[in-house]
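Colleague: I am attaching a structure below and will ask some questions about it afterwards.
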Amino acid sequence: MGESAKTAANASVRHSERLYVPWWGWPLPVLGAALLAAEIDLGYPGIRAWLPYVIALPVVVALLLSLGRSKVRITGGDEPELWVGDAHLPLRFAGEVEIFDKDAKRKALGRDGDPAAYVLHRGWVGPVVRVRLTDADDPTPYWLFSTRHPERVAELLKSA
């Protein structure tokens, strides 16, 4: 896996996006952490009053940042690959590509989905792309992942 990561770093990147949490996803968790810290502060006044603020707020910020660390990348070069999170797929094994808008994604993720599929879903990203695999040795039937630019991703996958 280390060699593949090194190869991906050196290959030309044709598409890259980070699935970060948008600004509107931040206020409610930060407010919740502040209210939790205030509640603890009211119960334990004195020198320990500042401790919940120092712990709760950075933990929530770190959690929101970690939720947005997933990337979708398509690399070029000798062996083009699709990287979704930490998983990668050589594009020679990519078959049919389908785009589901935010309304159709519910069925694709729900009852119509396959439990053996590789899924990277982020609820704050509307569309998802499904890539069927052509590798007979791989038990994964398809990859289903969120992306903000599904047409561009589908075009790059089909052209490879």
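Colleague: Taking only Cα atoms, what is the 0 to 90° angle, nearest 10, from helix 51-67's long axis to the longest principal axis of the chain?
Modeller: It is inclined by approximately 10 degrees.
Colleague: Taking 0.36 nm per residue of separation and subtracting the Cα-Cα distance, what length does fully extending Arg14 through Leu35 add? All intermediate terms of the calculation are to be shown ahead of the outcome.
Modeller: Values: separation 21, 0.36 × 21 = 7.56 nm, distance 4.38 nm.
Working it through step by step, the gained length comes to 3.2 nm.
Colleague: While we're looking at this one, here's another question. Within region 69-121, report the trypsin sites (Lys or Arg not before Pro) that DSSP leaves as loop and that have at most 14 other Cβ atoms within 10 Å. It would help to have the intermediate numbers written out before the result.
Modeller: Details: sites: Arg69, Lys71, Arg73, Arg92, Lys102, Lys105, Arg106, Lys107, Arg111; in loops: Arg69, Lys102, Arg111.
Filter output for region 69-121: Arg69, Lys102, Arg111.
Colleague: What 222 nm value per residue comes from the helices of the chain, counting each DSSP H run with n ≥ 4 as -39,500 (n - 2.57) and dividing by all residues, nearest 500 deg cm²/dmol? Let's see the in-between values first.
Modeller: Details: 5 runs with 58 residues, N = 160.
Taken over the chain, the calculation gives -11000 deg cm²/dmol.
Colleague: Is there a quick way to get the dipole size of the chain? I mean about its Cα centre, with the Cβ of Lys and Arg at +1 and of Asp and Glu at -1; what is the value in debye to the nearest 20? Before the final figure, lay out the partial values.
Modeller: Values: 19 positive and 19 negative charges, 88 e Å.
The dipole of the chain has a size of about 420 debye.
Colleague: What is the angle, in °, between the Cα long axis of helix 27-43 and the longest principal axis of the Cα atoms in the chain? Nearest 10 is fine, range 0 to 90.
Modeller: Taking the Cα atoms of the chain, the angle to 27-43 is about 30 degrees.
Colleague: What does the extension gain come out to for Leu63 and His121, with contour length at 0.36 nm per residue minus their alpha carbon separation?
Modeller: Numbers: separation 58, 0.36 × 58 = 20.88 nm, distance 1.65 nm.
Difference between extended and current length: 19.2 nm.
Colleague: Could you state the accessible area per residue of the chain in Å², with a 1.4 Å probe and every protein chain left in place?
Modeller: On the way: 9670 Å² over 160 residues.
Per residue, the chain has 60 Å² of solvent-accessible surface.
Colleague: May I ask for the net charge around Thr147, where only other residues with Cβ less than 13 Å from the Cβ of Thr147 are counted and Lys, Arg are +1 while Asp, Glu are -1? Could you put the intermediate results ahead of the total?
Modeller: Numbers: positive: Arg18, Lys71, Arg73, Lys102, Lys105, Arg122, Arg130, Arg148, Arg152; negative: Glu17, Glu98, Asp101, Glu151, Glu155.
Surrounding charge for Thr147 is +4.
Colleague: Turning to a different aspect of this structure: So if each residue of separation counts as 0.36 nm, and I subtract the Cα-Cα distance between Tyr53 and Lys107, what length gain in nm does that give? Please report the intermediate quantities before stating the final value.
Modeller: Details: separation 54, 0.36 × 54 = 19.44 nm, distance 4.10 nm.
Difference between extended and current length: 15.3 nm.
Colleague: May I pose another question? Relative contact order for the chain: what is it in percent, counting Cα pairs under 8 Å that are at least 6 residues apart?
Modeller: Working: 231 pairs, mean separation 34.5, N = 160.
So the answer I get is 22 percent.
The values are calculated or read from the model by the stated rules, or taken from the named source; none is laboratory data. Keep in mind that this is a model prediction, so the values were computed, not measured. Cβ atoms come from the backbone with ideal geometry, glycine included; neighbour counts cover every protein chain shown. In case anyone asks, the SASA skips ligands and DNA or RNA and just uses the protein heavy atoms, side chains included. Shrake-Rupley method; radii C 1.70, N 1.55, O 1.52, S 1.80 Å.
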